[in-house]
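The values are calculated or read from the model by the stated rules, or taken from the named source; none is laboratory data. Computed from a predicted model, the values in this text were never measured in an experiment. As a convention, Cβ positions derive from the backbone with ideal geometry for all residues, glycine included, and neighbour counts pool all protein chains shown. Calculation scope for accessible area: heavy atoms of the full protein, side chains included, ligands and nucleic acids excluded. Shrake-Rupley method; radii C 1.70, N 1.55, O 1.52, S 1.80 Å.
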Amino acid sequence: MNIKPSDQQRLQQLLQHLEQHSKIALGYPVANDFDYTALKPFMDYVINNVGDPFVEGTYKVESREFEREVVEFWARLMRAPEDNWWGYVTNGGTEGNLYGLYLARELHPKGIVYFSQDTHYSVTKNLHFLNMRHIMIRSQRNGEIDYEDLRETLKVNRDVPAIIFANIGTTMTEAKDDIGRIKTILAELVIGQYYIHSDAAMAGAVAPFLEPRPSFDFADGADSISISGHKFIGSPMPCGIVLARRNHVNRIARSIAYIGNLDTTITGSRNGLTPLILWYAMRAFGEDGLRARVQKSLQLAAYAEAQLQAIGVQAWRNPNALTVVMPQVPTWVQEKWQLATAQGISHIMLMPQKNLTTRLIDEFVADMASVCAMAEEQQL
Ligand SMILES: Cc1ncc(COP(=O)(O)O)c(C=O)c1O
């Protein structure tokens, strides 16, 4: 397959653009310290994991065996119940959240979904797709769900099954809702019928390695968990892992003759390369490597927070977060450092990145120091 020189040139320009903009991208949860060169030959095949990863299908150009190993690895880290877990590699956190909500709706068709104000924007769209009744709960200032507001709201809806959509790392402040605490509220209100989904898009790959361990996984009471693969783990294309209790999944499984498999996933055709990417990362890092990555990112986050505070920026972090939050920064800083900004705050995320060292943080702090100096001058 050939393309014109002018088209080749355009690709070259895009490559340069990507290289340049990958160097200083502190605002989004993207790890880019990977090297998946060994997987390039797999680009020559139409790898499609259509159907259930745990059932053999008719189409053999697939990587299901590797997908199963990935899912098993993360199920173990998420303390899934022995012999009662299931999962697959998704296109990202949003699909995993849609899946969790879909299972919840099948289990509790009349249930109400409770989620905090700080929940990712895609969730209301997912709820719209699924036509599920839902109530937004206030957030605390740090982004965590307001447990009192949750309690009061649940109290007036005690006759309806509760579907809790918990954030394990909110988008802007990386706040983690405490599933243990939510379960206590449900028990106190004697709400017996409930479902808990953990949206661990951002922090799912981090939380198992934190001390103290956040209350977010199956052993803590989750029914399903969604994790993004392209965030902390690192992948050149969006992907994720969704895990659920197998008994919930069995309720929705349908046998499809055309693929010789079960239809248990959201999409039909499924990416067969991303399971290989996640498998490669899993084999390269292992649990110890992931733990070390978490430690390194935490150290960089603590460093960035301290340096910003030292120059007078009101920077703060949730406990054990990789996200440093600060008052909204000027547009030129947002543009230069690709900083997500919303609700009057900006943040930097200290993800495993090729160029991310204390030196890069110092450069960012120097820019912020000039912002502080300009603000002071304007006040004089
Ligand atoms: C808390 C949270 N949930 C869900 C998502 C969506 O994940 P994805 O972009 O992998 O679909 C994000 C993305 O930033 C997120 O921060």
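Things worth noting here:
- Beta bridges by DSSP in the chain, antiparallel share as percent, to the nearest 5: 60
- Surface share of carbon and sulfur [accessible, 1.4 angstrom probe, percent] for the chain: 52
- Here the gap between Gln8 and Asn355, fully extended at 0.36 nm per residue and compared with their Cα-Cα distance, gives a gain of 122.1 nm.
- The residues of the chain have, on average, 48 Å² of accessible surface per residue, using a 1.4 Å probe with all protein chains present.
- Computed over the chain, relative contact order equals 23 percent, with contacts defined as Cα pairs under 8 Å that lie 6+ residues apart.
- Placing +1 on the Cβ of every Lys and Arg and -1 on the Cβ of every Asp and Glu, with nothing else charged, gives region 13-92 a dipole about its Cα centre of roughly 260 debye.
- Taking amide H atoms as placed 1.01 Å from N in the peptide plane, the amide H of Ile196 lies under 5 Å from those of Ile164, Asp223, Ser224, each 5 or more residues away in sequence or on another chain.
- Over every Cα atom in the chain, the radius of gyration and the widest Cα-Cα span, Dmax, amount to 21.9, 76 Å.
- Estimated from the Cβ-Cβ distance and a Förster radius of 45 angstrom, the FRET efficiency linking Glu211 and Asn131 is about 0.65.
- When the trypsin sites (Lys or Arg not before Pro) in region 317-368 are filtered for DSSP coil states and for at most 14 other beta-carbon atoms within 10 Å of their beta-carbon, the remaining sites are Lys354.
- Taking 17 Å as the straight-line reach from the Cα of Lys183, the aspartates and glutamates in range (excluding those fewer than 8 positions away in the same chain) are Glu144, Asp146, Glu148, Asp149, Glu152, Asp159, Asp199, Asp217, Asp220, Asp223.
- Count Lys and Arg as plus one, Asp and Glu as minus one, and take only other residues whose Cβ is under 13 Å from that of Thr358; the net charge is then -1.
- Sorting the segments 29-35, 80-86 by their mean number of nearby beta carbons within 10 angstrom, highest to lowest, gives 29-35, 80-86.
- Accessible surface of His21 - all protein chains present, 1.4 Å probe, nearest 10 Å²: 80
- If R0 is 30 Å, the Cβ-Cβ spacing of Thr124 and Arg283 corresponds to a FRET efficiency of close to 0.20.
- Cα-based reach from Lys125 at 13 Å (exclusive), listing aspartates and glutamates while leaving out same-chain residues under 8 positions away: Glu95
- Of the two radii for region 132-204, the radius of gyration is 0.95 times the Kirkwood radius, both from the alpha carbons; that is the Rg over Rh value.
- Relative packing of peptides 111-119, 157-165 - highest average C-beta neighbours within 10 Å first: 111-119, 157-165
- Listed by chain and number, the lysines whose C-alpha is less than 25 Å from the C-alpha of Lys40, apart from same-chain residues fewer than 8 away, are Lys4, Lys23, Lys60, Lys231, Lys354.
- For Arg105, neighbours were defined as the other residues whose beta-carbon sits under 11 Å from its Cβ, and their charges (Lys and Arg +1, Asp and Glu -1) total +2.
- Fully extended contour minus Cα-Cα distance, from Ala369 to Ser269, at 0.36 nm per residue: 31.0 nm
- Gain in span if fully extended, Gln117 to Glu188, counting 0.36 nm per residue against the direct Cα distance: 23.2 nm
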